1. Nearest 10 degrees, 0 to 90: what angle lies between the long axis of helix 408-420 and the longest principal axis of the chain (Cα atoms)?
2. Say each of residue 270 and residue 659 gets a label point 7 Å from the Cα, pointing the same way as Cα to Cβ; how far apart are those two points in nm?
3. Among 249, 329, 643, pick out the residue whose Cα is farthest towards the positive end of the charge dipole of the chain, where Lys and Arg carry +1 and Asp and Glu carry -1 on C-beta, about the Cα centre.
4. Only Cα pairs under 8 Å and at least 6 apart count here; give the relative contact order of segment 1049-1201 as a rounded whole percent.
5. Rounded to the nearest 20 Debye, what is the dipole magnitude of segment 200-334 about its Cα centre when Lys and Arg each give +1 and Asp and Glu each give -1 at the C-beta?
6. In degrees between 0 and 90, to the nearest 10, how far off the longest principal axis of the chain does helix 6-18 point, with axes built from Cα atoms?
7. Arranged from highest to lowest average of other beta-carbon atoms within 10 Å per residue, in what order do the peptides 1147-1154, 424-431, 82-89 appear?
8. How much length would be gained if the chain were fully extended between residue 286 and residue 712, taking 0.36 nm per residue of separation minus their Cα-Cα distance, in nm to one decimal?
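Quick note: the coordinates plus some simple rules give every number you see, no bench work behind them. Everything numeric in this text was worked out from a predicted model, so none of it was measured. Please note: Cβ atoms are built from the backbone with ideal geometry, for glycine as well, and neighbour counts cover all protein chains shown.
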Amino acid sequence: MRHCGGGKVMSFLTQLIKENKIFQKILPDQNKLRDNRLVSGLSGSETALLIAGTFKKIDNPVVVLTYNNSRGEQLYGDLKNLLKHEEVFYYSDHQVYPFELTWHSKDVNIQRSRTMKALLNKKPAIYVFPLKAAQEKMSPANKVFKTKLSIKVGDTVSPTFILEKLLAMGYENVSMVEQKGHFSHRGGILDIYPMTSDFPIRIEFFDDEIESIRSFDLATQRSLEEFQHLSVEPAGQLVIDETIDIDEATNNIEKELNRQKGRLIKGGLEQQAQNLQDRVVRDLEAIRNGISDPQFHRYLRFFYPNNYGILTDYLSNDSLLWVDEPHRIQESADFYANETTELSESLVEEGKILPSESDLFYSIQDMLTETKKNTIYSANFLRQLPFGKVNETFTVPVKPMTQFYGQWNFFIKELSQWVQDGYQIVLFTPSPERAKTLRDNLKEEEIGANIALEKTLDASNSGQVIITVGELSTGFILQESKLAVITFKELWGEHQKKISRRRGAQNQDNKNTVKVSDYRELKVEDYVVHEKHGIGKYLGIKTLEVNGLYRDYLHIKYAGDDSLYVPTDQINEIQKYVGKEGKSPKLYSLGSNEWKKVKQKVKSSVKELAQDLIKLYAERSSKKGYAFSEDTPWQKEFEDYFPHELTPDQEKAVSDIKKDLESEKVMDRLLCGDVGYGKTEVAMRGAFKVVMEGKQVCVLVPTTILAQQHYQTFKERFAPYPIDVRVLSRFSTKKEQDSVKKEIKDGNAEILIGTHKLLSKDMKFKDLGLLIIDEEQRFGVQHKEKIKLLKKNVDVLTMTATPIPRTLHMSLVGVRDLSVIETPPEGRYPVQTYVMEYSPQLIREAITRELNRGGQVYVVNNRIQGINTIAKEISRLVPEARVGVGHGQMAEKQLEKVMLEFLNGEKDVLVATSIVEAGLDIQNVNTIIINQADKMGLSQLYQLRGRVGRSNRMAYAYLTYQKDKVLTQDAEKRLKAIKEFTELGAGFKLALRDLEIRGAGNILGPEQHGFIMAVGFDMYTKMLKDAVNELQEGNNIDETKEIEGQKDLNDVIKVELNINAYIPASYISDHEQKIAIYKKVGGINSYQESEDLKEELKDRFGPLPQAVINLIQISRIKVVAKNAGINLVSKSGHWIIVHFDPDNKVSGEKLLQLTQKFPGKITVASYSENISLKINVKNLNEDKLLSLVEDVLNSLQQLLSE
């Protein structure tokens, strides 16, 4: 990622390049056509530098064509570090062929849409295209340009026309917009999330006139900024406009379908013929209904039989084409052509696709020979071009940069010689702190250096050393320009790390992202828990008429034919049942005592647990530990040396740990966060603080592999300091073990990392200051007992990768010190997810592509049976791959050996069961293939997919299902859920459920699992919180008392005014959104909150109906009634009767003042010992009635408070 010094360095490098004599010659004459040049000698990041220099010189679009996605990503990354972010675009390929796909994530389509929009608008920028993406046949450029939806405020246009247009452009109609490519229509409101927009857009109509256009926030759904114009580009590559003859196109598809069916049936493949027909007929029905879909690109030839679009059609006349490594492009083109032919013929024979569906690519010759654009060909070696013609050829003398790998004296010698020879030297570092450290180190060697962030650079100064923040893939020496560029990796030999930009300068693709909505949102058919009646099934909201009044109720089905209708103002008595994935809970019968008995049993267990937690916390708090000093200068330097910026969650966790260490209280903190979220860095900062005071740190892990991973991480991070890090595991020899034990005992080693071997009796620490335990729940019972002994009077930090629910976190406040890291590090690419049928071709393609970019691959098969067969098949399909096999039934030593080989890069492919979901964090693994994904739970898929995408590379997950499988209804539902999962939809929310329950068991103990299942997770955490609160306040828990939890206004105050107060289906039809709004209404606590809610509803759904206004006002009246000590407001005839709480002794004098304020409207009545008010509302409509009641109660509240 580019820092603020990048612009200065680019300007400086561009100036140097412009003065290069060869560079001045290679630029084509913009006034000539086909003035093509060949530049040889380029191979690394110098290619990106010359491309960037060319763009800056001509200030016109430059389209870069390269041979594959890996090289494309490399060029794109280099160019982004040399130029402004908005000056570089990327058009990724799909990794798999369009005709192979079932579903895939939208990220690639979003990226492509942004690129094509800029290209069509002739934006001066650099556009990087990998070959396979560039070869795709497209809709004609003029069609794409014209098909976009363009509207402005004041236009008269039918909302129906826009809805039909959006469907035809590939947008999806949903109840609430949550991601790009969605739209939602509610009355006079239309929400759209355009593919190329940073924010979703809300359009408000007055009849057919566009009254306003504004952006809105996904999280709050509230409007942000107003606009006068809106342009919406198509969501997919297939553009179908009004000039297309839909009937002719679909009829031709049907004809080909019938021909292909006949061939299949003749060959005895009746089932395959039926499957093909089902799929194509389903597509045809959608097309005839005006619905487009990204998958329909496969039918392109039927809609544009004679005039396909081609990439070069999209280029403006003044564009320059840059072809990177033409020979490798030709090799890739030949490979893709053979692969496409082989794969498509196989799929046609098997009845998977129609023959024409594979006709989606141009040949490289067709694409380049027809273009009249000026072209620069760049290559490492000078050879005859396989295609195209050039007018002139040039060679740029470039040397690759020396790999210094930390040999400082060697580097200084070379650097001094460059300075002496008048070279300009640019050193790339990953952070401003490292830039300053490097400058100071060079100063000690009597070499002056400037940091680009701090000084204006002058390219005319020879022999200067410049340090900048950023990264390139390789360094180089341009001898002609006397320029040497050195990357951090070449200097120190460390793997380059992705540098996030300053906080707030988020990647545009990630703008306006929102955390996944709570999975506790109620949906029809969900199981729910009613506090008084137990577990039932929610069947939706019913609007019922009772005594002429309409009201909404939640319909809940119980055992047998029992049904319960719960008024929406009692919605807080109901919670979604959150239990283990795939397990349906027992439904209770209304009126039985069974539910009451279950709750009492759970409450008894919860009481014991709460007592144990409080006792343990009190014991730890009462012990006096060592109080560490404040941070040293070395601590700041250690932290500054980290190349990433910490997320806010990480910063909070570090702060929590330091406060614990600096207090006299013995630390016992739990640090929660997914693998790769940065827990280890947080722990290392605590460890460094402890070591600075001469104390030792013990890091205890459950497996040898984790020990090795932590050892490598700690050793690399602590390398610049005189701190000795050691590891002890099964791989350590007896001699090594004895040596380590002696060094620890004598205090000659500061940090020890290891497995349960650290718990042996002969392991003695000289002065142990901090115990770090990773995944304590994975240790056995005996080891846990030994850990308890080790914990005594020592600061303890326990880490876990299992997510902890926020509700449980809040329940444990005051009895367990928790730090939770919920946000992933910035700058991560989303994992590109594909759902498709398993095939050997897929395996070969995916593995080959990953290996070609130097990466590794997981192949997951969740059954041990057949796992060796899959490994042999991979070895046959990809002979160059080194394949390992791992599963839980292998001998422990053998499994560890395989895993360690994979960790060390000695194996390219690991074929394994789902053991890979636990703990492994290997940044070089960025492709995962999951076999028979339809048989796995969503939480398992979520964790498996999370094993990749932990670096600055694009990662890929292939979720496959069995070939030719006739899916059951349940399997189809699961695949549908997987589709949602790929789009971070409802399936993703469900995936978190099982994980959080697992996380709860890790904290509370496995014996609590049954109790959680019995009442549901939310009810359980509520009971736990109540128990903890009561015990902390010194109260005894009455186990027979009904569980009340926190009293809601609706539990204690009733307002019954015989007025329509509900949300009509004509206003909000979606059940989930309606429930969310009812919850917001029930949560109103002030007049301002009610006005804010009314404003939100008007913004999101349009003008409020009277019934909704009444609903909000009644909720507001409840708040005033509570503050005035009133428990019931009811209507009787033309009187509103206000009943005071029996404990509220109201002053008669105050009531007299109230009657004087509203003469003739109020009387005071007395029933036995209770006083009440009567408000005369005769002849008042609903609006005036509510206003009078609210005015009276507000005045009463004010009088009582005086």
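1. The answer is roughly 60 degrees.
2. 7.3 nm
3. 643
4. After rounding, I find 25 percent.
5. 1040 debye
6. Here the helix axis deviates by roughly 20 degrees.
7. Per-residue mean Cβ counts within 10 Å order the peptides as 424-431, 82-89, 1147-1154.
8. Length gained, residue 286 through residue 712: 147.9 nm.
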